[in-house]
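This report concerns only the one structure given below.
The values are calculated or read from the model by the stated rules, or taken from the named source; none is laboratory data. Not measured: the values here are computed from a predicted model. Neighbour counts are summed over all protein chains in view; Cβ atoms, including those assigned to glycine, are modelled from backbone coordinates with ideal geometry.
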Amino acid sequence: MTTPWHEELRHLAEVESPDSSAVTFYFQPETPQNASHREEAILVKDMVRDAIRKEERNGNRKTLRADLERIQEIGEMLHGNHSRAKAIFACADKKIWREFDLPALDGGTRIHVNSRFWLKPMAVAVLEVKHCLIALVDSEKARILDYYMGELTERERFEDDISRKVRSDGFGGLEAGHVERHVENDVMRHVKRVADRLFEIQSEKKIDCLMIGCRQEFWPDIEPHLHPYLKKSLVGRFNVDPGLATPQEIQEMASTLLAEIQLNEQQARVREVIGEAQRNGRGSLGLRHVITSLERGEMQTLLLGQNFSARVVQCTHCGHMDTRIVEKCAVCEHDTRHVDDVADALIGIALRMGVQVLHVDDEEFANAGNIGALLRFRADQNTAEKLAS
């Protein structure tokens, strides 16, 4: 599924600065030793000073220095950034300045200056984040919440008047039955109203999944009113009293459920890639094979293991990557340059080509090379004979 994050990253991946003035800044707040957060400001200031000195030695222009100094000014005002990580991508020559608040990042605060932006940390943090809708429902009230990037916010709430007529047996108990049916109808209308609103939100295509929290005995009153499309997006429910559950409890339950879903999705994709590779089908494993598949345009999904890293060389002319450390490109014989983190280079190419990027933490996948791909097709199998058959 393509999300706004995919589009943002793809646009950033397309940027290339000929004079290597693309600046990437990642800020990861740490637990401060005092309330002033001065350690963070000092750290950013030192990083910027070191980057300026290095780039001045390389002869880079004043526009780069201006971007770095602006980052320093922002770093001095972050003050923990409300416990959110932050990313800034700047390139004055291309008139680019983009800021993003992010969930937690691996690797801490750092600055990177190169011909392209350093997208790997942000891709790991946001590409698989799901926007989840949570409905807490009882017989009279409902709350609809958004859970996204570790934050829980209330979208809207409902409260419907349910009949409170005092029950009496009446003549032969008929009035008691009438009141009971009236209450049941009120509850049904309330639940249907909530279900219809959930379907409207889902139809806006702005959520990835739905969770419902209710008391166990109330679920049979909710389920029949959920639209079939809504049921497809329902990834789970939890047994809570909507009136008593705290935001922290709801967030913990949602986080746990989403982690299980993500793990299951990763494991299913890993099994698919390994199985396809073993049968010489639409699967590719190992760095050399993955590079070949990407350069041939075969790739549908790039799978990268946690902490995968490797050095390669890349042609300065045609962009071909080689796992052998050679000085000349095997394709066009132009000079090559060293790429210390091929994962970041592959992510950038994949994003520019519209290829999905998936980060996985799986032991079986790690043993299979920790890098793989699901392919749309295999170019070496599209022979005239095979197509004819």
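If you check Glu99 against the conditions, is it of a type outside the set (A, V, I, L, M, F, W, C) and in a strand (DSSP E or B)? Yes. Only residues that are under 25 Å from the mean Cα position of the chain (by Cα) and among the hydrophobic types (A, V, I, L, M, F, W, C) were counted in the stretch 295-319, giving 6.
Of the residues making up the stretch 330-350, those that are buried (at least 19 other Cβ atoms within 10 Å of the Cβ) and either in contact with a strand residue (DSSP E or B) (Cβ under 7 Å, 6 or more places away or on another chain) or not assigned by TED's automatic domain parsing to the domain that holds Glu298 (or both) number 7.
Restricting the stretch 87-138 to residues that are in contact with a Cys (Cβ under 9 Å, 6 or more places away or on another chain) and not charged (D, E, K, R) leaves a set whose member that is nearest to Ile222 (Cα to Cα) is Val137. Residues of the stretch 287-308 that are surrounded by 14 or more Cβ atoms within 10 Å (Cβ to Cβ) and assigned to a loop (DSSP other than H, G, I, E, B): Glu298, Phe308. With the requirement that a residue be polar (S, T, N, Q) and either modelled with pLDDT under 90 or surrounded by fewer than 17 Cβ atoms within 10 Å (Cβ to Cβ) (or both), what does the stretch 267-286 give you? Scanning the stretch 267-286 gives Gln267, Gln278, Asn280. Scanning the stretch 219-268 for residues that are in a helix (DSSP H, G or I), of a type in the set (Asp, Glu) and farther than 26 Å from Val126 by Cα yields a total of 2. When residues in the stretch 80-93 are screened for being modelled with pLDDT of 90 or more and either surrounded by fewer than 15 Cβ atoms within 10 Å (Cβ to Cβ) or of a type in the set (Phe, Trp, Tyr) (or both), 1 of them pass. All conditions but one from (1) within 18 Å of Glu14 (Cβ to Cβ); (2) at pLDDT 90 or above apply to Gly319; the one that does not is (2). Taken over the stretch 322-365, the criterion of being under 29 Å from the mean Cα position of the chain (by Cα) and on the phi > 0 side of the Ramachandran plot is satisfied by Gly354 alone.
A quick yes/no check of all residues on (1) part of a strand (DSSP E or B); (2) at pLDDT 90 or above:
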site: Glu333; (1), (2): no, yes
site: Ala343; (1), (2): no, yes
site: Leu346; (1), (2): no, yes
site: Leu351; (1), (2): no, yes
site: His359; (1), (2): yes, yes
site: Ala366; (1), (2): no, yes
site: Ala373; (1), (2): yes, yes
site: Leu387; (1), (2): no, no
